[in-house]
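The values are calculated or read from the model by the stated rules, or taken from the named source; none is laboratory data. Only a predicted model underlies this, so the values are computations on that prediction, with no experimental measurement involved. For neighbour counting, all protein chains shown are included, and Cβ atoms are generated from backbone atoms with ideal geometry for every residue, glycine included.
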Amino acid sequence: MDAGKTPPGAPPPNDQVHWEGLEETPEFKELVRARWRFVAPATVFFLAYYFALPLSNGLFPNVMRTEIIGHINLAYFFALSQFIVAWVLAYFYIRQATRVFDPLAEKVRQRAGRGR
Amino acid sequence: MSITFVLFLIIVAITLGITLWAATRTRTTLQFWAAGRTIKGWQNGLAIAGDYMSAASFLGIAGLIAFNGYDGFMYSVGWLVAYLTVLFLIAEPMRNTGKYTMADVLAFRMSPVPVRSAAAISTIAVSASYMMAQMIGAGSLIKVLLPDLDKTLSPYFQWSIFGTKLDPSITLVGVLMMVYVILGGMVATTWVQIVKAVLLMAGAILLSFLVLLYFNFNILAFFDKIYAVKDTATKLPFTSPGILYVYGKTTVWGIDKALLENVSLGMALILGTAGLPHILMRFFTVTNAKAARTSVAWAMGLIGSFYIMTTFLGFGAAALIGKANICARVVEGFKCAPGLKPNNNLSMPRLADFLGTHFFGTAGGEFLLAFITAVAFATILAVVAGLTLAAASAFSHDFYVNVIRTQIFKGEVSEREQVTVARITSALVGLLSIWLAAKTGATANVAALVAGVAFVIASSANLPAILFTLFWKRFNTWGAVACLVGGTVVTIWLVAVGPGWTLPAVAHPAFPLQNVGIVAIPVGFILAIVGTYIGDLAKADRLAEVKFHEIDVRAQTGVGAEVSPVPA
């Protein structure tokens with residue numbers, strides 16, 4: 001790529017009223033609300049699920065040593081399930097972002113373009 | 001032996017050739033720091049995986065599992081789940097508001113001089129401690145390839161710096177790496193990370209496949225063999241938790257110490273990633289927020305697959321070789337050469353040697369050993385390049401250009417001057433990490449070191465600063481400086497007075513835990529909050545709150561984000 005240097009872009013007006021005005025638009029408020037409605041519970045869930053692993057290993061080591069199949073124990077399956085949970089949550093986040101957040105953000109961007 | 005070393009050199013030379021070829025494609029400042037902002041999502045995903053999976057992942061985790069069984073696997077779990085923090089809270093807002101470095105985002109709202117100076121301190125601390133572990137990893141590899149090097153060079157290493165004698169292998173390979181990275185013009189281009197990520201995945205898949213082939217793809221037979229490996233101290237089988245930190249043995253503050261260590265470790269693992277400067281920089285290379293999101297998804301797929309494979313790599317080494325026989329030089333029958341201490345960082349190379357010999361004879365063992373050490377070396381070199389870039393840009397772009405030359409000695413800074421400062425910074429950070437590596441010793445586990453220092457600084461200093469800048473309206477310069485400097489200082493201090501990772505461990509340390517995150521991370525967040533309220537009282541920084549409206553809109557929507565020169 002030879003198109004280097006600082007990208008030209010279109011710097012929006014740095015006028016303060018403009019930003020606060022955008023912040024007050026229904027589209028922006030809806031975007032922030034939609035995002036937190038997903039991110040807040042998802043974050044609480046993954047933190048709780050993640051810390052459940054060291055806590056249960058530490059508090060109930062003998063339960064966690066219970067063997068499920070052959071010598072593969074509960075502790076290992078719980079650890080493995082963390083990978084699945086992480087991937088599934090990532091999948092749902094990306095789906096939600098594509099379906100809900102992106103169109104809302106686009107609306108705000110259009111309004112910003114018009115509003116200057 | 002010599003065949004292995006020659007093969008190693010050939011494989012490394014090919015990797016470096018690709019690297020240099022890629023580096024010649026880098027011309028402008030934008031391409032230099034942010035790869036022209038044209039990197040596609042999947043490419044950046046590979047590059048994140050390349051930047052992220054260092055000696056700690058490739059050598060360290062396998063070593064922890066090979067020596068301590070199940071508990072080592074906790075590193076694998078935490079380092080993947082960490083990406084949810086990045087995906088949910090950090091990646092898209094960073095892309096939408098940032099330019100080249102983490103400090104650019106902070107300086108958006110905050111007073112630039114103090115906040116850039118403070119961010120330079122925490123970035124250099126993270127990079128140097130991260131790099132220390134890479135130096136140990138590289139030095140350990142050289143000890144395998146050239147077992148006589150330490151003895152040959154020892155007459156020249158009879159002096160010490162601040163009471164620490166440098167380790168000949170670590171110093172030699174460390175200096176060579178730094179020379180390469182500095183003269184190669186900071187070759188941490190995205191392509192280097194991509195090439196290296198592919199190599200690393202290939203190495204891990206090959207060894208995992210051979211481990212499974214050894215057990216005729218019978219997972220249950222594999223676990224039977226792991227179960228048969230017993231820890232000498234606790235008598236527990238290697239499939240069981242509680243070997244690395246023994247449960248129910250001692251208490252700290254009235255709570256089981258092993259439990260505290262594991263929770264504390266977990267905090268650093270899942271919060272630290274979101275504060276690593278060299279990972280955050282990757283989000284500035286993509287075309288837009290959507291591409292940042294896609295790249296995290298790709299990275300999570302690759303990184304997660306690799307970490308699941310550490311099951312085969314680490315447990316494979318434990319079951320097939322055994323921790324007593326993993327050291328720099330082995331004699332007939334894969335036993336440690338007499339008088340050598342086991343080094344858990346060498347589990348992967350030793351496993352490669354064993355499997356190659358088992359399936360393809362002596363030459364096969366030599367070849368596979370050469371291949372895996374070369375992959376590990378390429379891994380380390382690429383990560384050292386990425387870390388050097390982060391440290392150099394923090395100092396040169398953030399501190400030198402934006403603080404010293406713009407605010408104090410006013411004047412135009414030429415590109416040449418900026419690069420010279422970046423090179424000097426790189427050299428100093430490299431030397432610091434070599435010294436720290438020698439002080440820690442080559443047998444300290446590199447994964448434990450990275451998680452124990454670099455990740456704690458990242459999560460106690462950088463993470464609160466980034467999160468509050470993006471999401472907390474009242475946050476101001478005072479709060480940012482308090483957590484950036486305070487988090488760094490508290491972490492280093494707690495690690496310094498704690499038991500540490502040098503063997504044998506300190507008997508009665510002033511701070512009881514190896515993993516200091518459980519104290520340091522809350523302290524970092526509290527400092528950010530307290531600093532903010534004190535700043536509020538002093539009415540020092542009204543601009544930060546005013547500017548919040550702008551960063552809020554920008555972060556959420558991408559209005560006015562740095563655009564890529566080509567249409568996305």
Filtering the stretch B:139-167 for residues that are closer than 14 Å to residue B:440 by Cα and not hydroxyl-bearing (Ser, Thr, Tyr) leaves a count of 7
Among residues belonging to the stretch A:28-53 that are in contact (Cβ under 8 Å) with a residue 40 or more places away in the chain and more than 9 Å from chain B (Cβ to nearest Cβ), point out the one that is nearest to residue A:97 (Cα to Cα).
-> A:34
Residue B:329 passes all but one of the listed conditions (1) among the basic types (Lys, Arg); (2) modelled with pLDDT of 85 or more; (3) closer than 30 Å to residue B:151 by Cα; the exception is number (2)
Could you check the stretch B:77-155 for helices (runs of 4 or more DSSP H) lying wholly inside it with 2 or more residues that are away from chain A (no Cβ under 14 Å)?
-> B:102-109, B:112-145, B:149-153
Just name the residue that is surrounded by the most Cβ atoms within 10 Å (Cβ to Cβ) out of those in the stretch B:253-282 that are charged (D, E, K, R) and more than 8 Å from chain A (Cβ to nearest Cβ).
-> B:282
Can you name the residue in the stretch B:239-252 that is assigned to a loop (DSSP other than H, G, I, E, B) and more than 24 Å from residue B:222 (Cβ to Cβ) and is also nearest to the other protein chains (Cβ to nearest Cβ) among such residues?
-> B:247
Surrounded by 23 or more Cβ atoms within 10 Å (Cβ to Cβ), over 20 Å from the mean Cα position of the chain (by Cα) and within 30 Å of residue B:391 (Cα to Cα): does that describe residue B:296?
-> no
What number of residues within the stretch B:294-344 satisfy the criterion of being within 14 Å of another protein chain (Cβ to nearest Cβ), more than 18 Å from residue B:226 (Cβ to Cβ) and not aromatic (Phe, Trp, Tyr)?
-> 11
Would you check which residues across the stretch B:47-75 are within 12 Å of chain A (Cβ to nearest Cβ) and under 19 Å from residue B:201 (Cα atoms) and list them?
-> B:65, B:73, B:75
Those helices (runs of 4 or more DSSP H) completely within the stretch A:31-116 that have 1 or more residues that are among the acidic types (Asp, Glu) are A:102-114
Mind checking which residues of the stretch B:461-520 are surrounded by fewer than 16 Cβ atoms within 10 Å (Cβ to Cβ) and of a type in the set (S, T, N, Q)?
-> B:502
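Those residues that are crowded, with 19+ Cβ neighbours inside 10 Å and touching a residue at least 24 places away in the same chain (Cβ under 8 Å), I need them from the stretch B:357-366; list them, please. Lay out the reasoning, then the answer.
To start, the set of residues in the stretch B:357-366 that are crowded, with 19+ Cβ neighbours inside 10 Å comprises B:365-366.
Within the stretch B:357-366, B:366 is the sole residue that qualifies.
With the condition kept exactly as written, say whether any residue in the stretch B:178-198 is modelled with pLDDT of 85 or more, buried (at least 19 other Cβ atoms within 10 Å of the Cβ), hydrophobic (A, V, I, L, M, F, W, C) and over 19 Å from the mean Cα position of the chain (by Cα).
Among the residues of the stretch B:178-198, not one is modelled with pLDDT of 85 or more, buried (at least 19 other Cβ atoms within 10 Å of the Cβ), hydrophobic (A, V, I, L, M, F, W, C) and over 19 Å from the mean Cα position of the chain (by Cα), which makes the answer no.
Yes or no, residue by residue, for (1) at the interface with another protein chain (Cβ under 9 Å from one of its Cβ atoms); (2) at pLDDT below 80:
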| residue | (1), (2) |
| --- | --- |
| B:527 | no, no |
| B:534 | no, no |
| B:537 | no, no |
| B:541 | no, yes |
| B:545 | no, yes |
| B:552 | yes, no |
| B:561 | yes, yes |
| B:566 | yes, yes |
When the stretch B:324-355 is checked residue by residue, the ones that are surrounded by 21 or more Cβ atoms within 10 Å (Cβ to Cβ) and in a helix (DSSP H, G or I) are B:344, B:345, B:346, B:347, B:348, B:349, B:350, B:351, B:352, B:353, B:354, B:355
Give B:71, B:51 a once-over and let me know the one that is within 14 Å of residue B:303 (Cα to Cα) and either crowded, with 22+ Cβ neighbours inside 10 Å or modelled with pLDDT under 80 (or both).
-> B:51
Quick one: how many residues across the stretch B:218-238 are part of a loop (DSSP other than H, G, I, E, B) and either in contact (Cβ under 8 Å) with a residue 12 or more places away in the chain or more than 32 Å from the chain's Cα centre (by Cα) (or both)?
-> 8
Being surrounded by fewer than 16 Cβ atoms within 10 Å (Cβ to Cβ) and among the polar types (S, T, N, Q) is the filter here, so list the residues in the stretch A:19-68 that pass it.
-> A:62, A:66
Selection status of residue B:291, buried (at least 24 other Cβ atoms within 10 Å of the Cβ), hydrophobic (A, V, I, L, M, F, W, C) and in a loop (DSSP other than H, G, I, E, B) = no
Out of B:250, B:234, sole residue that is surrounded by fewer than 22 Cβ atoms within 10 Å (Cβ to Cβ), farther than 30 Å from residue B:558 by Cβ, β-branched (Val, Ile, Thr) and touching a helix residue (DSSP H, G or I) at 6+ places or on another chain (Cβ under 9 Å) = B:250
Restricted to the stretch A:70-79, and to residues that are facing chain B (nearest Cβ under 7 Å) and not polar (S, T, N, Q), which residue is surrounded by the fewest Cβ atoms within 10 Å (Cβ to Cβ)?
-> A:70
Picking from B:532, B:443, the residue that is over 17 Å from the mean Cα position of the chain (by Cα), buried (at least 17 other Cβ atoms within 10 Å of the Cβ) and over 30 Å from residue B:176 (Cα atoms) would be B:532
Mind counting the residues in the stretch B:207-217 that are away from chain A (no Cβ under 13 Å) and free of Cβ contacts under 8 Å to residues at least 12 places away in the same chain?
-> 3
With criteria (1) at pLDDT below 90; (2) more than 30 Å from residue B:291 (Cα to Cα); (3) exposed (fewer than 15 other Cβ atoms within 10 Å of the Cβ), residue A:8 comes up short on (2)
Consider residue B:373 carefully, then state whether it is among the hydroxyl-bearing types (Ser, Thr, Tyr) and surrounded by fewer than 23 Cβ atoms within 10 Å (Cβ to Cβ).
-> no
If you go through the stretch B:85-98 one residue at a time, how many are under 14 Å from residue B:297 (Cβ atoms) and either small (Gly, Ala, Ser) or at pLDDT 95 or above (or both)?
-> 1
Can you spot a residue in the stretch B:36-46 that is at pLDDT 85 or above and more than 13 Å from every other protein chain (Cβ to nearest Cβ)?
-> yes
